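Enquirer: Below are the structure tokens for one structure; questions will follow.
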Amino acid sequence: MDFEEGDRVKVEKAGVEYEGIAMPSTTGHIIIKMVSGYNAGIDPEGATVTVVQKKQDMEASTKAAGKAEVEPKKGLPKVSILSTGGTIASKIDYRTGAVTSQFSADDILQAIPELTEIANFSGKAIYNILSENMKADYWQELAKAVVEEIKNGADGIIVAHGTDTMMYSAAALSFMIDTPVPIVFVGSQRSADRPSSDNAMNAICAAKVAVSDIAEVTVVMHSESSDDKCSIHRATKVRKMHTSRRDAFRSINSEPIGYVDYSTGEISTGLSYTKRNEKELSLMASLEPKCALVKFTPGSSSDILGYFIDAGYKGIVIEGTGLGHVSTDWIPQIERATSQKIPVIVTSQCLNGRICDRVYDTGRDILKAGAIEGEDMLPEVALVKMMWTLGQIQDYDDAVDILKQDIRCEINERSLE
Ligand code: GLU
């Protein structure tokens, strides 16, 4: 049949007519995205397809329609939106129903005009990837781009990011940058073509935080299943805790720094935080990517740990059980790692609570083997901290010293009950 992915097509079959954008298909069915946002799959047997508009023609007219640039408003702060991809950065053309990954600040402003009341925006697409494809190199490039924008006068930064690994990237930037302005990560769990999309509300709340006094790296996402407020999570204490809910992001072992009331735009804070211009801008971008996060499971072979030691890994984070345990036969491998000057941090699969390896014998033996208690750090944050610390410091004892210290509020003095 003579149509391409992205064309607007009309499909007729057995007296029923479907119109929409032709989507990729792996099943041999014709898949079209209809204006309602829903996809229809049609068996091509006996169907007739007519092209209503070619993809190229649609793109040209969309560009022409979107040319009217948003005029900067006097007196508003400057916010830079850096996009890395993910659902939030997909552009939905409501006229055609097409989902494209093209991105510019103007695209976002045209989709969410309320933003223009909050700040003057500029934007750059740094990447256009799903966040499962993020890696340490990309965090470094992103951190450099953020610093560049701040040097060029941005009063706040928004990083649009896929939600799956947003907490790793946010934690990485938190360790890498001393920031005088807010750096806000935002994503969306449901794309803009779905009636329950969280994309506009999250972006508006993120913009409010970007112009606020909270000069830290934060993650701003829906707080509850309703549209009442967004939580402002500290980058080193946040985790995605649900596959699909809009309130998937939760602060663990901490309250969020605060909330943005969606209807009034007001920010309320409960925790103390670093204020605007309290810190001077600096970038500590070196990272050691060869670090591993290893989950211990009952009966698992200590060869797993041995593999990372022999493969030249420079730091290991263990996700142990309960208070921070592994089976007795993993302990000699921990000792082997630390005697080779490979730091080992023990964190917990419980996520909530604090490591305490002083209670049970295995815990004491783990400490004797040289492991560091990860306190109340999230395992992913301990991994990113390990990469950052080993990127900054070569000496083993100095590195261990830093790993034990609280650098970016990743370790609380006392855990919540
Ligand atoms: N898995 C993708 C990502 O994290 C899409 C999901 C999303 O953006 O939330 O980038």
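Enquirer: Just to be sure I understand: with springs between alpha-carbon atoms less than 10 Å apart, which residue in Ser169, Ser272, Ser90 has the highest mean-square fluctuation in the Gaussian network model of the chain?
Expert: Largest GNM mean-square fluctuation: Ser272.
Enquirer: If you don't mind, another one. Counting DSSP beta bridges with both partners in the chain, what percentage is antiparallel, nearest 5? It would help to have the intermediate numbers written out before the result.
Expert: Values: 41 of 71 bridges.
Once the DSSP bridges in the chain are tallied, antiparallel ones form about 60 percent.
Enquirer: What whole number of Å gives the distance from the Cα centroid of segment 109-132 to the Cα centroid of segment 378-417?
Expert: Result: 32 Å between the Cα centres.
Enquirer: Quick check for you: with a 1.4 Å probe and neighbouring chains kept, what is the accessible area per residue of the chain, in Å²?
Expert: Numbers: 18970 Å² over 417 residues.
Value returned for the chain: 45 Å² of accessible area per residue.
Enquirer: How much length would be gained if the chain were fully extended between Ser226 and Glu12, taking 0.36 nm per residue of separation minus their Cα-Cα distance, in nm to one decimal? Don't skip to the end; give the middle numbers.
Expert: On the way: separation 214, 0.36 × 214 = 77.04 nm, distance 3.96 nm.
In short, 73.1 nm is gained.
Enquirer: Please give every one of the lysines within straight-line cross-link reach of Lys208, meaning a C-alpha to C-alpha distance under 19 Å, and leave out same-chain neighbours fewer than 8 residues apart.
Expert: Hits, sequence-local ones excluded: Lys73, Lys74, Lys78, Lys229, Lys275.
Enquirer: While we're here: May I ask you to list the residues of segment 153-191 whose amide nitrogen lies under 20 Å from a point 7 Å from Cα along the Cα→beta-carbon direction of Arg276?
Expert: 153-159, 178-186
Enquirer: Using only Cα atoms and rounding to the nearest 10 degrees, what angle (0 to 90) does helix 55-65 make with the longest principal axis of the chain?
Expert: Value to nearest ten degrees: 90.
Enquirer: Given points 7 Å out from each Cα along the Cα-Cβ axis, report the Lys124 to Ser327 separation in nanometres with one decimal.
Expert: Taking the two extended label points, one gets 5.0 nm.
Enquirer: Sequence gap at least 6, Cα distance under 8 Å: using those rules, report the relative contact order of the chain to the nearest whole percent.
Expert: Working: 947 pairs, mean separation 45.6, N = 417.
RCO, the chain: 11 percent.
Enquirer: Search the structure for amide H atoms under 5 Å from the amide H of Ile158, placed 1.01 Å from N in the peptide plane, and list their residues when 5 or more places away or on another chain.
Expert: Ser80, Ile81, Leu82, Val184
Enquirer: Hey, another quick one. With axes computed from alpha carbons, what is the tilt in degrees of helix 136-151 against the longest principal axis of the chain, rounded to the nearest 10 within 0 to 90?
Expert: 70
Enquirer: Just how far, in whole angstrom, is segment 342-365 from segment 222-270 if you go by their alpha carbon centroids?
Expert: 28
Enquirer: Next up: The chain: Rg/Rh from Cα coordinates, Kirkwood Rh?
Expert: 1.04
Enquirer: Running a GNM on the chain with Cα contacts under 10 Å, which residue among Val52, Val381, Val184 ends up with the highest mean-square fluctuation?
Expert: Of the options given, Val52 has the highest mean-square fluctuation.
Enquirer: Within the chain, what whole-number % of the accessible surface is contributed by carbon and sulfur, with the 1.4 Å probe and all protein chains included in the calculation? Can you show the working numbers first?
Expert: Details: 9160 of 18970 Å².
Using a 1.4 Å probe with all protein chains present, the chain comes out at 48 percent carbon and sulfur.
Enquirer: Still on this model: Between Ala145, Ala382, Ala119, which gets the highest mean-square fluctuation from a Gaussian network model of the chain, Cα cutoff 10 Å?
Expert: Sorting by GNM fluctuation, first place goes to Ala145.
Enquirer: Note down the Stokes-Einstein diffusion coefficient of segment 181-244 in µm²/s, whole number, using a Kirkwood radius over alpha carbon pairs, 37 °C, and 0.692 mPa s.
Expert: For the chosen part, D equals 272 µm²/s.
Enquirer: For Thr243 and Glu413, FRET efficiency with R0 = 51 Å and r from the beta-carbon atoms, rounded to 0.05? Please list the in-between numbers first.
Expert: Details: r = 33 Å, r/R0 = 0.64.
Here the calculated transfer efficiency is 0.95.
Enquirer: If the rule is a partner Cβ under 4.7 Å, which cysteines in the chain fail it?
Expert: So, Cys291, Cys350, Cys356, Cys409.
The values are calculated or read from the model by the stated rules, or taken from the named source; none is laboratory data. As the structure is a prediction and not an experimental result, all values here were calculated from the model. Don't worry about glycine lacking a Cβ; one is built from the backbone with ideal geometry, like all the others, and counts go over all protein chains shown. The accessibility values were calculated without ligands, DNA or RNA, using every heavy atom of the protein model including side chains. Shrake-Rupley method; radii C 1.70, N 1.55, O 1.52, S 1.80 Å.
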